[in-house]
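Colleague: Before anything else, here's the structure in question.
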Amino acid sequence: MATEVLQTMTGEEMVALSKKHTLFEWSAQSKVDPIPVAKAKGIYFWTPEGKRFIDFNSQLMCVNIGHGDERVIRAIQQQVEVLAYANPFMATEPRARLGAKLAAIAPGDIDCFFFTNGGSEANENAIKIARLATGRNKILARYRSYHGATHGSMMLTGDPRRWAAEPGMPGVVHVLDPYHGLERGWETAQQSLAMLEEIIQLEGPHTIAAFILESVSGTNGVLVPPDGYMQGVRELCTKHGILMICDEVMAGFGRTGEWFAINHWNVVPDMISMAKGLTSAYVQLGAVGMRRALADHFKDKVFYGGLTYNSHPMGCAAALATIQVYEEDRLLENTRKMGAVMKELLQNLQSRHPTVGAVRSIGLFGIVELVRNRSTREPMAPFNGSSEEMAALGRFFREQGLYTLLRWNTFFTNPPLCITEKELREGFAIIDRGLEATDKAVVG
Ligand SMILES: Cc1ncc(COP(=O)(O)O)c(C=O)c1O
C-alpha cells in the first residue's frame, strides 16, 4: 500500500511539490535541484522513472550497511507492532539491550549511553555533561569541523556553516587543526599539539570543560590525524582535567574499518558521540557514550537533560539489528579490504589526472581534492565557494548515475560498507571519465 502511494508521483511532481512546501538544507531555495528518490537497495537507489544511481556517499555518510536490508526492516516492523513508543522515564527491552551492546563495542570503559535523535543532540548533551561534571564552562573545538546544526552544536562547528548563527552560545574556543588546506598542507603532530597546549595555557586550563574533535574530520576533508596527535590530545586533556570528546557521528560504525575511528590510535576518550551508522539511518538515533567515572558523577547528582524521544524503542531496535548486520556480514573486515582497494584506486586517479591535488582515505572514508594549478596548488574552487569546473563535474556524475557529495574543491568516495570490488571499480570508472574534463582546466 505504502509503495503504491509513493509511486503515484512522477519525479518532477515530487521535486516541484517538495520545493514549494518544504525547505532544503544549507541552500538558497531557488538554487536547489534535488534528485527525486523512489526506492533503494544495496549500494543503489532509483528515481521514480527508473534512473539508477550508485550511492557513493551512503546518502549523507550514514547508510553504512547499504539500503533495504531485510533484517533491519523486519526488526523495525516487529518493534512497531509490539511497542512503538514508551516515554524515556521507562525501561524497555531494546533500550536495555542496546545500552549493553554498545558498552561491549565502545572503547575502554565507556559503558553508559544517553540516546538522542541524532548527532547534533548527542553533541549538545556531551557538552552539557562536560559542564555539569567539571563545573567549568569553556569548550575547545577545531575550525575544520562540523558538529551539528542545533544551537550549541552549531557553535562547536568550526566551518563556515557556523557564521550565520553567530553570536551563539558563549564559551567555545576554536583551535587550528594539523591540516591547513591544500596550499599549506600538514603540520606534524608535535607542532599541532604545541599550539593546542599554548591555547590551553592562554585560556586557563581550569576554565576548560572539554575538547571536542572528530576522530577523523568528515565533511571538512576526511582529515586523518598524524600518528601521535590523538595520543597527545589525550595526554594534554588528562594533564589539565579537560574531558576529551570524540565526535564519531560520521567516522564511527565501521566507516574507517573499526567500530570507532579512535581505535586506530588506541585512545579512550571520556565521551564519544555517535549517530548515522548506528542505525544506518533506517530510523533516526544518536547517542553520547561516557566512561564509567563520568557516568558515576550522576549517581547522586541530577543529570539535567531530556528528550521526548530519548531511547526511542524503534531507534534502539533498528540499532540492534544494524549492529547485528555489521557482525553477521563482517562489514568491518570488508571495509578494511575494500578500503585497501579504494586507496589504490584513489592513488591511481592522482597519478593520472593533473587536476587531482590530494587524495586521502581510511577504510571506506575517502576524498579527492582538486587543484587548478599544479605548481601553486590553488584549489579548483575557493574556500567556502564553488566554480564552474566543480559544477560541471557534479553534473557529469549525475548524468552518469553516480551520486556523491561535492563540496568546494573536493568530492567524496564514501560508499556503503557492503560494496564489492566490482561495484567500487564501477564508481571509480565514472569518476575517471569525469576528471578528464576537469583536467583541461589545469595549468602549471
Ligand atoms: C561529525 C558530525 N557531527 C555531528 C553531526 C550532526 O549530526 P545530525 O545531522 O544527525 O544532527 C554530523 C552530521 O553530518 C557530523 O558529520
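The values are calculated or read from the model by the stated rules, or taken from the named source; none is laboratory data. The structure displayed is predicted, hence computed values, not measured ones. We place every Cβ from the backbone using ideal geometry, glycine too, and count neighbours over all the protein chains shown. Remember, those area values only see protein heavy atoms, side chains included, never the ligands or the DNA or RNA. Shrake-Rupley method; radii C 1.70, N 1.55, O 1.52, S 1.80 Å.
Colleague: Report, in whole Å, the centroid distance computed from the Cα atoms of region 56-110 and region 305-323.
Modeller: Spelled out, the Cα-based centre of one part sits 6 Å from the other.
Colleague: Continuing with the same structure: Report the one residue of Ser375, Ala429, Asn414 whose Cα lies farthest in the direction of the positive end of the charge dipole of region 361-444 (charges on C-beta: Lys and Arg +1, Asp and Glu -1; origin at the Cα centre).
Modeller: Selected residue: Ser375.
Colleague: Let me ask something additional. I'd like the carbon and sulfur percentage of the solvent accessible area for region 91-143, probe radius 1.4 Å, heavy atoms only, ligands and nucleic acids excluded.
Modeller: Its accessible area is 48 percent carbon and sulfur atoms.
Colleague: Continuing with this model, one more query. Work out the charge dipole of the chain with +1 on the Cβ of Lys and Arg and -1 on the Cβ of Asp and Glu about the Cα centre, then indicate which of Val325, Asn137, Thr10 is farthest towards its positive end.
Modeller: Asn137
Colleague: How big is Rg to Rh over the chain, alpha-carbon atoms, Rh as the Kirkwood inverse-mean-distance radius?
Modeller: Ratio of gyration radius to Kirkwood radius for the chain: 0.96.
Colleague: Antiparallel as a % of all DSSP beta bridges within the chain, to the nearest 5?
Modeller: Of the beta bridges lying entirely in the chain, close to 65 percent run antiparallel.
Colleague: In square nanometres, what is one fourth of the surface area of the convex hull spanned by the alpha carbons of region 368-442?
Modeller: 5.2
Colleague: Rounded to whole Å and sorted largest first, what semi-axes of the equivalent ellipsoid does the C-alpha gyration tensor of region 207-317 yield via the square root of 5 times each eigenvalue?
Modeller: Semi-axes (√(5λ), whole Å): 24, 21, 11.
Colleague: With θ taken as phi - 60° and the coefficients 6.51, -1.76 and 1.60, list the Karplus ³J(HN,Hα) couplings across region 126-143 in order, rounded to whole Hz; mark glycine and proline as x.
Modeller: 4, 6, 5, 4, 4, 5, 5, 6, 9, x, 9, 10, 6, 10, 8, 8, 9, 5
Colleague: Taking the Cα centre of region 90-196 as the origin, how large is its charge dipole in debye, to the nearest 20, when only Lys and Arg (+1) and Asp and Glu (-1) carry charge on their Cβ atoms?
Modeller: Taking the Cα centre of region 90-196 as origin, the dipole is about 180 debye.
Colleague: What's the local net charge at Ile110, with K and R +1, D and E -1, over the other residues with C-beta under 10 Å away?
Modeller: -1
Colleague: Suppose every K and R has +1 on its Cβ and every D and E has -1 on its Cβ; what is the size of the dipole of the chain about the Cα centre, in Debye to the nearest 20?
Modeller: The calculation lands at about 180 debye.
Colleague: While we're on this one: What order do you get for 284-292, 336-344, 144-152 when each peptide is scored by the mean count of other beta carbon atoms within 10 Å, highest first?
Modeller: In decreasing order of mean packing, 284-292, 336-344, 144-152 become 284-292, 144-152, 336-344.
Colleague: How large is the translational diffusion coefficient of region 183-259 in µm² per second when you combine the Kirkwood radius over alpha carbon pairs with Stokes-Einstein at 25 °C and 0.890 mPa s?
Modeller: D, rounded to a whole number, is 182 µm²/s.
Colleague: Please compute the volume of the convex hull spanned by the alpha-carbon atoms of region 60-117 and report it per residue in Å³.
Modeller: 124
Colleague: Next question. Spelling out what I want: for every residue of region 7-21, take phi, set θ = phi - 60°, compute 6.51 cos²θ - 1.76 cosθ + 1.60 (Karplus), and round to whole Hz; glycine and proline get x.
Modeller: Along region 7-21, the couplings run 8, 7, 9, 7, x, 4, 5, 4, 5, 4, 6, 5, 5, 6, 10 Hz.
Colleague: Towards the positive end of the charge dipole of region 328-388, with charges on Cβ (+1 Lys, Arg; -1 Asp, Glu), say which of Gly366, Ser387, Ser351 has the farthest Cα.
Modeller: Ser351
Colleague: Throw me the Rg/Rh for region 119-196, computed over C-alpha atoms with Kirkwood Rh, two decimals.
Modeller: When Rh is taken as the Kirkwood radius, the ratio is 1.01.
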